[in-house]
Amino acid sequence: MKRNKILILILLPLAILVIRSLSFRNDFEIIRHERFAHISGEVVNEGVYKLDDNTRISDLVEMAGGLTKEADMDALNLSRKVLDEEKVYVQSTLETSNLVDINRADMEKLITLDGIGESTANKIIEYRNKNGSFIQKEEIMFINGIGESKFNKIKDKIIIK
């Protein structure tokens, strides 16, 4: 009898610890990092939306009630995954009609930018052929001949699609 009491005194706290650790583990597994993104511009319902792990731009647009008729579909990559805390701005076709897409523009379009001549336009085209599309506007400063000063002159006239 004394032996059983000793076993109970030893095993009971151990059993409580095991049960508590399993309970904590389950609670920990249930808690997941929530992800959100903000969408604005030419969508029906601008706002912040909760994301699933594999949410794509097309899903976010759908959550926002879809695009307006003024939305520039070519400015969106609908298949791209949305990042946590990302801001997605849907441009209108009017906003982009006078802008130069540095990922798609040919020589003729690129030389319409202030300070960009044929030589620099060729460097831009060669750069994106070698390295792929620009991800951010600022990357154009990787082009020899485009420094911060020239970038500041053209940054409001260029876009990335």
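The values are calculated or read from the model by the stated rules, or taken from the named source; none is laboratory data. Keep in mind that what you see is a predicted model, and the values were worked out from it rather than measured. Ideal geometry is used to build each Cβ from the backbone, glycine not excepted, and the neighbour counts take in all protein chains shown.
When the residues of the range 93-107 are narrowed to those that are surrounded by 12 or more Cβ atoms within 10 Å (Cβ to Cβ) and of a type in the set (A, V, I, L, M, F, W, C), which ends up modelled with the lowest pLDDT?
This residue is 99.
For the range 95-106, does any single residue satisfy the condition of being assigned to a helix (DSSP H, G or I), hydroxyl-bearing (Ser, Thr, Tyr) and under 22 Å from residue 56 (Cβ atoms)?
Within the range 95-106 (the criterion being assigned to a helix (DSSP H, G or I), hydroxyl-bearing (Ser, Thr, Tyr) and under 22 Å from residue 56 (Cβ atoms)), the answer is yes, since at least one residue qualifies.
Conditions first: (1) assigned to a strand (DSSP E or B); (2) modelled with pLDDT under 95; (3) not hydroxyl-bearing (Ser, Thr, Tyr). Residue 48 passes all but one, so which condition is the exception?
Single failed check for residue 48: (2).
Which residues, taken from the range 59-80, are surrounded by 14 or more Cβ atoms within 10 Å (Cβ to Cβ) and over 25 Å from residue 156 (Cβ atoms)? Working first, answer last.
Step one: of the range 59-80, the residues surrounded by 14 or more Cβ atoms within 10 Å (Cβ to Cβ) are 59-64, 67, 71-72, 75-76.
If the condition is that a residue be surrounded by 14 or more Cβ atoms within 10 Å (Cβ to Cβ) and over 25 Å from residue 156 (Cβ atoms), then 59, 60, 61, 62, 63, 64 are the ones that fit.
So residue 110 fits all but one of (1) over 30 Å from residue 36 (Cβ atoms); (2) within 23 Å of the chain's Cα centre (by Cα); (3) among the hydrophobic types (A, V, I, L, M, F, W, C); (4) surrounded by 13 or more Cβ atoms within 10 Å (Cβ to Cβ); what number is the exception?
Failed condition: (2).
Only one of these is in the same structural domain as residue 128 (by TED's automatic domain parsing) and either in contact with a Cys (Cβ under 9 Å, 6 or more places away or on another chain) or not hydroxyl-bearing (Ser, Thr, Tyr) (or both): 64, 105, 75. Name it.
105
Restricting attention to the range 51-70, report how many residues are in a strand (DSSP E or B) and touching a Ser or Thr at 6+ places or on another chain (Cβ under 9 Å). Talk me through it step by step, then tell me what you get.
Here is the first cut: in the range 51-70, the residues in a strand (DSSP E or B) are 51, 56, 67.
Keeping just the survivors that are touching a Ser or Thr at 6+ places or on another chain (Cβ under 9 Å) gives 56.
Count: 1.
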